[in-house]
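*Asks:* Below is the structure I would like to discuss, written out as structure tokens.
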Amino acid sequence: MYCVKCRKHTETLKTTTFTARNQVDLAAYHHDLCYANHQDRKTRNDVCDRQMLRELDRITNPTLRERVDNGIVRNIINAKVNLGLGLKSPSDAIKWTDRLAEKLHKTALTKFPK
């Protein structure tokens, strides 16, 4: 399966003939091509990872193997997107926690004012 193999160099990735074993494999290949075309981390995280999630959503009539692969890959990419993993600036990765804490504490503060 492609998404388990080591990533190839950019030149090899673009010139190698690829035959997908299943639809998740094809989505992983497109994800790697997107990574090869975009060098900055923000674009990779915003565009490539979300594009892969959309491709995984569009899989129709998945086989058992595709369901298993989809579940594993989706959880990894979702965690990366939602937690901000791979972002260059640590402050960008912390922003979602600040918003969550504010939202959680806001309801407590409104219900129990000082």
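*Asks:* In the range 22-55, which residues are basic (Lys, Arg) and loosely packed, with under 15 Cβ neighbours inside 10 Å? Write out each step before concluding.
*Replies:* Filtering the range 22-55 for residues basic (Lys, Arg) gives 41-42, 44, 50, 54.
Correct list: ARG41, LYS42, ARG50, ARG54.
*Asks:* Taking the range 13-60 as the region of interest, how many residues are of a type outside the set (Ser, Thr, Tyr) and not in a helix (DSSP H, G or I)? Explain how you work it out, then say what you get.
*Replies:* First, the residues of the range 13-60 that are of a type outside the set (Ser, Thr, Tyr): 13-14, 18, 20-28, 30-34, 36-42, 44-59.
Of the ones still in play, those that are also not in a helix (DSSP H, G or I) are 18, 20-22, 38-40, 58-59.
So the answer is 9.
*Asks:* Also: Looking at the range 56-88, which of its residues are more than 10 Å from the chain's Cα centre (by Cα), under 28 Å from LEU100 (Cα atoms) and modelled with pLDDT of 90 or more?
*Replies:* LEU56, ASP57, ASN70, GLY71, ILE72 - these are the residues of the range 56-88 that are more than 10 Å from the chain's Cα centre (by Cα), under 28 Å from LEU100 (Cα atoms) and modelled with pLDDT of 90 or more.
The values are calculated or read from the model by the stated rules, or taken from the named source; none is laboratory data. Note that the structure is predicted; figures quoted are calculated from it, not measured. Here Cβ is always computed from backbone atoms with ideal geometry, including for glycine, and neighbour counts include all displayed protein chains.
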